[in-house]
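Below: the structure, in structure tokens.
The values are calculated or read from the model by the stated rules, or taken from the named source; none is laboratory data. Computed from a prediction, not measured in an experiment: that's the story for all the values here. Every residue, glycine as well, gets a Cβ built from its backbone with ideal geometry; the counts of neighbours run over all protein chains shown.
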Amino acid sequence: MKPKPIPDRPSVYVFLDVENIPAHNHAYWIRLLAKQYGEVNPARLRAYAVNWRVRKKSRVMLEETGFSTVRVSPGHNAVDNKIFRDCLIMSKIRQTLLPEVYILSTGDSDFVPVVDVLHERNHYVVCLTSKHRQASQELIQVVDEHYCLEDLPTLLAEVHQNHKVITVSQSQVSQPQVSQSQVSQSQSAIDSKSPLLRGI
């Protein structure tokens, strides 16, 4: 039996707390962002909600972009708890010594403990929030990187223009058009010292 080859890029996991932040309009950009950090397997792209029936449009958009839509049984903090469990289970399955990257779309301070555990396991955590939803400053301070969903098109246009990160796979879905005004605004919207812009 041949040993599995050791990947030269980290695995990336994405968890969307749809009930905290409706991220469906940004699904393409979230997936493209994830590719900047490492290898993205469709099984690692997950969006969580208790009732998808009232989020039909959101579900369709997410699934078309490659996300699995996970139905969570109702209960107190049900979505949070399910994401916690999945993060902790997946972070235990270590096939390489490379740190994994966990991208969390939420502004909920309840996620601070799971970020602490991921850090203890030598993983890298990125948080995505929305300018239209209140976000926990405590959560933003404990993660390794933080971005607003609304800034992702500008951020990724800047990355693409300056070739400052590892090349994205040629097999990726074709990019939506990004306006020149979005590119020109990037310096004010993005911290140029971000690990994303110089590779992690």
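Test Ser91 against the stated conditions and say whether it is in contact with a Leu (Cβ under 7 Å, 6 or more places away or on another chain), at negative phi, of a type outside the set (Lys, Arg) and surrounded by 15 or more Cβ atoms within 10 Å (Cβ to Cβ). Taking the combined requirement at face value, the residue satisfies it. I'd like to check something: does segment 152-164 contain any residue that is at pLDDT below 70 and part of a loop (DSSP other than H, G, I, E, B)? Yes, the conditions are met somewhere in segment 152-164.
May I ask you to verify whether Val126 is of a type in the set (Val, Ile, Thr), in contact with a strand residue (DSSP E or B) (Cβ under 7 Å, 6 or more places away or on another chain), crowded, with 19+ Cβ neighbours inside 10 Å and modelled with pLDDT of 95 or more? Write out each step before concluding.
Numbers: of a type in the set (Val, Ile, Thr): yes; in contact with a strand residue (DSSP E or B) (Cβ under 7 Å, 6 or more places away or on another chain): yes; crowded, with 19+ Cβ neighbours inside 10 Å: yes; modelled with pLDDT of 95 or more: yes.
Answer is yes for this residue.
Contact map, segment 37-59: residues that are small (Gly, Ala, Ser) paired with residues that are surrounded by fewer than 19 Cβ atoms within 10 Å (Cβ to Cβ) and at pLDDT below 95, Cβ distance under 7 Å, separation 6+ or inter-chain. Pairs shown: Gly38/Arg9; Gly38/Pro10; Ala49/Glu19. Flag: Ala78 does not match the condition of being among the small types (Gly, Ala, Ser), surrounded by 13 or more Cβ atoms within 10 Å (Cβ to Cβ) and under 13 Å from the mean Cα position of the chain (by Cα).
Please tell me if Glu19 is in a loop (DSSP other than H, G, I, E, B), modelled with pLDDT of 90 or more and either crowded, with 21+ Cβ neighbours inside 10 Å or charged (D, E, K, R) (or both). When the stated conditions are applied, Glu19 passes them.
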